[in-house]
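Working notes, structure below.
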Amino acid sequence: MNRRHFLRSAGVTLSLPVLESLAGEVKPIRRMVSICAPLGMHAEFFFPEQSGRGYALSPYLETVKDLRDDFTVISGLSHPGVGSTHDSIFSFLTAARHPENRAGFRNSISLDQFAAEKIGGLTRFPSLSLTSEGFSLSWTRSGAMVPAESGPASVFARMFLEGRPDEVQAQARRLSDGLSILDTVREQAKRLQPKLGARDREKMDEYFTSVRELEQRMTTAEEWSKKPKPKVEAKPLQNNMNSSDLIGKTRLMFELSHLALQTDSTRLITMMLLGTSSVPPIQGVSMGHHDLSHHGQDPTKIAQLRTVETELMKVVAEFLTRLKSTQEQSGSVLDGTQVFFSSNLGNASNHSTKNMPVLLSGGGFKHGQHLAFSGDEAPPLSNLYVSMLQRLGIETDQFGTSTGTLTGLEQAG
């Protein structure tokens, strides 16, 4: 008796057309990229004057006009309780209150790491934190900063270049040894805990959380180290050693990110862009970027700032266009990737953290509009974060200071 006849005789109904249909359905991969321009974006040139759909494009949005139906611009959002200082960068993806009070400040988990706890194990890199500034946007649940990568060349090598067999074996041993050390440290710490006071126990709990987080990362890394890396046609990336080259460094991070998303090496990326006091190598710019962002309404500085930020927006447009032109089984990479571009500052000239510039692209939302919020009616920025997490398939009632999802931002399907 063949298998099909046996199944029928057992009362099992076969429906081959349905099985074939299900096999042909491709579940889209959901990803998220979060980008911070730490010196803000000049609001007058960034935000449209009209809200809703059919608005006239602002000067900066003109650079991405060909993608108009692929992004939503949002005004009026901010993180409640975050003071007007550059320290607001620490709360950019966490919404933790009062980072300006450094002595008593304790950060919370960042948007990307919250997502990484749920979907990070699906890829070789649970998350990828990139920076041009020397510090990271990513924070663990215990409030520790996740080290960020500043050298695209080394990330490219780890992501795509296979080492010699002895190097691969050595890496596996290092990971295994590291896990063994964590076991020993955990046991020693447990023996200490009964002897500690309440405050020290709290610190020990934070320490245990950090150990568990590290252990989870190392376990995932150990498993992926046994699998072959994806092959790409791109040449190995070279680091940009010009410490003032905002555009060049950003373009390089975008190139690396495109490769990482295209090969499904990671689904969660954060990028801290350059915010240097040096003069960027851009034609027509003779003053430092930081000085220009703190323009004090000087028309000469504002004009040069517009030049700098327009060039930055052009590179953002290049990145989004590349993601849209890269096809996968369920559509374009942009269709499955939320690209969140913003800043911790709404107005860098006076360090205001109100009305942060927000451009959300791709990811399967219904785009093509300007969502404008103002005054007491404005929701916290973390409401947008909740909407983004839900689009990743992650259920959460709260994130940071959120009160729900972002009104007006709808999923496409």
Problem set entry | Amide proton proximity set for residue 98, modelled H, under 5 Å, gap of 5+ | 82, 83
Problem set entry | Ordering of 125-138, 63-76 by packing [mean C-beta count within 10 Å, highest first] | 125-138, 63-76
Exercise. How large is the Kirkwood hydrodynamic radius of segment 282-413, in angstrom, based on all distinct alpha carbon pairs?
Worked result: 17.0 Å
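Report, in listed order, any pair from 235/324; 249/354; 65/229; 27/354 with a Cα-Cα distance greater than 32 Å.
Listed pairs above 32 Å: 65/229; 27/354.
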For this session: Please sort 80-88, 369-377, 43-51 by packing, taking for each peptide the average over its residues of neighbouring beta carbons within 10 angstrom, highest first.
Result: 80-88, 43-51, 369-377
Exercise. Using modelled backbone amide H atoms (1.01 Å from N, in-plane), which distant-in-sequence or interchain residues come within less than 5 Å of residue 358's amide H?
Worked result: 74
Exercise. Considering amide H positions built from the backbone, and no H for Pro or chain starts, which residues 5 or more places from residue 149, or on another chain, come under 5 Å of its amide H?
Worked result: 129, 130, 131
Exercise. Packing-wise, with mean Cβ within 10 Å as the measure, how do 272-283, 349-360, 319-330 rank, highest first?
Worked result: 349-360, 272-283, 319-330
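Laboratory data are not the source of any read-out in this text; all were calculated from the coordinates shown. Everything quoted here is computed from the prediction, not taken from an experiment. All Cβ positions, glycine included, derive from the backbone under ideal geometry; neighbour counts span all protein chains shown.
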